[in-house]
1. Just the number, please: carbon plus sulfur as a percent of the accessible area of region 262-328, 1.4 Å probe, no ligands or DNA/RNA counted.
2. How do 437, 549, 424 rank by accessible surface area computed with a 1.4 Å probe, from largest to smallest?
3. Helix-only mean residue ellipticity at 222 nm, the chain, DSSP H runs n ≥ 4 weighted -39,500 (n - 2.57), per residue, nearest 500. What is it?
4. Can you figure out the FRET efficiency of residue 390 with residue 101, using R₀ = 56 Å and their beta-carbon distance, to the nearest 0.05?
5. Given the C-alpha centroids of region 428-505 and region 250-311, what is the distance between them in whole angstrom?
6. Limiting things to C-alpha atoms, what are the Rg and the maximum Cα-Cα separation (Dmax) for region 406-560, in angstroms?
7. Give me Rg/Rg_expected for the chain, where Rg uses Cα atoms only and Rg_expected = 2.2 N^0.38 Å with N residues.
8. Please give the residues of region 197-239, grouped as numeric ranges, whose backbone N is less than 16 Å from a label point set 7 Å along the Cα-to-Cβ vector of residue 153.
Amino acid sequence: MSTKQRILIVGGVAGGASCAARARRLSESAEIIMFDRGPYVSFANCGLPYYVGNVIKKEDNLLVATPELFQQRFNIDVRVHAEVVRIDCANHYVEVKNAATGRTNTEPYDALVLSPGANPIRPDLPGIDLPGIFSLRTIPDSRSIRQWIDQYQARHAVVVGAGYIGMEMIENLHLRGLKVTVVEKQGQVMPLLDAEMVAPVQETLKHKGVQLHLNESVNGFSKGPEHRLVLDLGSGRQLKADLVILCIGVRPETRLAREAGLEIGPSGGIRVDAQLRTSDPHIWAVGDAVEVHDVVTGEPAVIPLAGPANRQGRIAADVIMGRPSVFRGTQGTSVVGIMEQVVAFTGPSEKLLKGLDRWQQMEKIYLHPENHAGYYPGASPISLKLIFSKTDGRIVGAQAVGKAGVEKRIDVIAMAIQKQGTVFDLEEAELCYAPQFGSAKDALNHAGMIAANILRGDLVPAHWEDAARSDALMLDVREPDEFKRGRYDGALNLPLHQLRDRIDELPRDQEIWAYCYVGQRSYYAARILAQNGFQVKNISGGFKQFGQFQAARNNHKPEA
Ligand SMILES: Cc1cc2nc3c(=O)[nH]c(=O)nc-3n(C[C@H](O)[C@H](O)[C@H](O)COP(=O)(O)OP(=O)(O)OC[C@H]3O[C@@H](n4cnc5c(N)ncnc54)[C@H](O)[C@@H]3O)c2cc1C
């Protein structure tokens, strides 16, 4: 393709702005015009919750780049308040409506890039348009929320939906001193993760005074006294609030693409090929609006994240400029901070894999390592779940929760997944170490070793969800004082240090499931027992994991 081309970009934030800047770096001669219907381009959507929480104090700090900067630095013509309202694919032009004048003009293109993002879902519920019910997508949205809180001295907010934006809003409203209530349809917060992994987060939220209504939905809103709102819940309960934030997900913005006849994929995003080209060879699409393929499951998916949007923008520009770049797909690697806890994950969850009927080939382990050497002050535990293929050890997904060092572990696993790494690679991974940052045998080496032990047949794992159905003897190898403080009903206590001397007390005709607090002592016990001819399994994650498992199970029952 000639480099003297006219490139039009619809949407000037993550995907659009990356595309525009990259296109300029590759071609000084192209004419590049970027349209945004809003007042800003290149703003930090991801910072919006923190602006509401006053962590980011000045609105200007949310502006990563201005139209002037795009013009001066990149010679890119940025038009704000300019909505692209129609694409004429046959004649290669778009119609652009100016919000100030209401006038529409046409702009021809050689290449058109769509990066219109996604729209917050606002279900058609009674009262949904009442003042005080907000979504959060733009700077003006965040400004309105701040103004409402200040104007009415709001004290009580309801956040509907406990995904990652919901979590960030809970934290930031709490920071502003508001009492926060959460309504979530599913039986857990952060539904993209497995329920047992977010149990500690739910505990923290409750501990901080956040009221959780899980397994609950909102049926409608009505006006209360003064500015207040009343929410009618599916259970028949009512909640009162000074403001409501809807965080129930986003839908790809596909109106333009649909009306232009571009193909839409089964997951609802604009269909693109690996080079981000739509069904029209002159039109590319990137970001939240597109359907990607999940690199692990291969399934079509809509995964609205800033990292993929930025990379896609860059790749689309490469391709337009004739380079053979390819988008590899997405695996949903994410991190959220919530009240001193960090929650991060990459790849599919267990429940997603079960839903896709892929769980039979998988195994999982739980571990609770410390974020750095235990002897160095301030070590804190990480709860880590690793999912891998039983057949070849390929790493499939991971989830982690803790106070520190969480995202570092998930980032390493994310890269391992992208490189088709196995648990044997984790076992051997050389990671940086000093006592305040990690351990000589890092949490991830441990994860690799445990999983590799399973695949080599040195360790047979068991899981708490199967315990109730099992006839096995539950063997608790912790110390008696630990056992007294809490145990699995019916378990036999035989501390690890007495095991060799008292081994004949154990049955040889019954399977034994060993556990300790996190799974390490019981692994030692399992090795002793296995080498003495016992049928033994090690319960992954130990008694600590039992606590998370039970909490998750209880949370899936509606609150009384
Ligand atoms: C509150 C919040 C917090 C987030 N936090 C994170 C995070 O921590 N980590 C993370 O990875 N992701 C996060 N995200 C998601 C991330 O911001 C998006 O994935 C990313 O911005 C998507 O980029 P995009 O270019 O596809 O769309 P956007 O960045 O949404 O940009 C789309 C732009 O297109 C414009 N537009 C739409 N239609 C038209 C049209 N017809 N004509 C002209 N302009 C149009 C819109 O006005 C908008 O400005 C967050 C999102 C929000 C809302």
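The values are calculated or read from the model by the stated rules, or taken from the named source; none is laboratory data. None of the values given here were measured: they were computed from a predicted structure. Cβ: placed from backbone, ideal geometry, glycine included. Neighbour counts: every protein chain shown. Heads up: the accessible areas ignore ligands, DNA and RNA and are worked out on the full protein's heavy atoms, side chains in. Shrake-Rupley method; radii C 1.70, N 1.55, O 1.52, S 1.80 Å.
1. Carbon-and-sulfur percentage of accessible area, whole number: 50.
2. So the residues, ranked largest to smallest area, are 437, 424, 549.
3. Result for the chain: -8000 deg cm²/dmol, rounded to the nearest 500.
4. The computed FRET efficiency comes out at 0.30.
5. Using only Cα atoms to place each centre, the spacing works out to 44 Å.
6. Calculated on Cα positions, Rg and Dmax stand at 17.4, 49 Å.
7. Rounded to two decimals, the normalised Rg is 1.09.
8. Residues 226-228 qualify, since their backbone N sits under 16 Å from the label point.
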